[in-house]
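Only one structure is covered here, and it is reproduced in the block below.
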Amino acid sequence: MHRRNEQGCTGTITEGRLREDLYYRLNVMEIDIPPLRERREDIEPLVRYFLGKHLPKSTKKIDGFTSEAMELLSGYSFPGNVRELENIVQRAIILERTPMIKPESLPQSMKVFQIETIDPSKIRTIEEMNREYAERGLELYGGNRSKAAEVLGISRTSLWRLLQEE
């Protein structure tokens, strides 16, 4: 793999994507940058930076992120690192309809992974989550129980039961 090709490149340079002399000039010092999940204090400044970078490309008037949205971002592990955070901010700008980005405009997968780092006092039961989901469905369809039940994939009776539980 370290054989020289016709341009005199070696190793990973053999594909011709980087000149050998440039590779050795850049390889003087290695810089170790820990993953974003180990630099939680960088999340908020990066969010502000990406919001400032991408907001002007839209016609939206967004002032920032709610504290709940920032809490969700701060608790996420970011397997895609900083690039994933930038994509999340871009997506939130597109989806948000209010002046503040809320958790609803963040990817659903972030909420699923949040359980790993969630405060035990904030854990809700399945029944509570089902009830909240049913309430949101009902709200989305202006109180029309038939339509909400249809969209949620349950019967009107099941919807009624979910809304009655406490």
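Data for the structure
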{"item": "Test: residue in the range 16-31 that is loosely packed, with under 10 Cβ neighbours inside 10 Å and closer than 25 Å to residue 89 by Cα", "result": "no"}
{"item": "Hits in the range 34-71 - residues which are β-branched (Val, Ile, Thr) and open to solvent by 30 Å² or more (accessible area, probe 1.4 Å)", "result": "59"}
{"item": "Selection status of residue 102, basic (Lys, Arg), at pLDDT below 90 and either within 17 Å of residue 74 (Cβ to Cβ) or in contact with a Cys (Cβ under 7 Å, 6 or more places away or on another chain) (or both)", "result": "no"}
{"item": "Answer residue from the range 32-76, given it is part of a loop (DSSP other than H, G, I, E, B) and of a type in the set (Val, Ile, Thr) and is farthest from residue 106 (Cα to Cα) among those", "result": "33"}
{"item": "Residue count, the range 85-107 (criterion: surrounded by 15 or more Cβ atoms within 10 Å (Cβ to Cβ), part of a helix (DSSP H, G or I) and either more than 11 Å from the chain's Cα centre (by Cα) or free of Cβ contacts under 8 Å to residues at least 12 places away in the same chain (or both))", "result": "2"}
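The values are calculated or read from the model by the stated rules, or taken from the named source; none is laboratory data. Quick caveat: nothing in here was measured; it's all calculated off a predicted structure. Here the Cβ is made from the backbone with ideal geometry for all residues, glycine too, and neighbour counts use every protein chain on show. Surface areas here come from the heavy atoms of the whole protein model, side chains and all, with no ligands, DNA or RNA. Shrake-Rupley method; radii C 1.70, N 1.55, O 1.52, S 1.80 Å.
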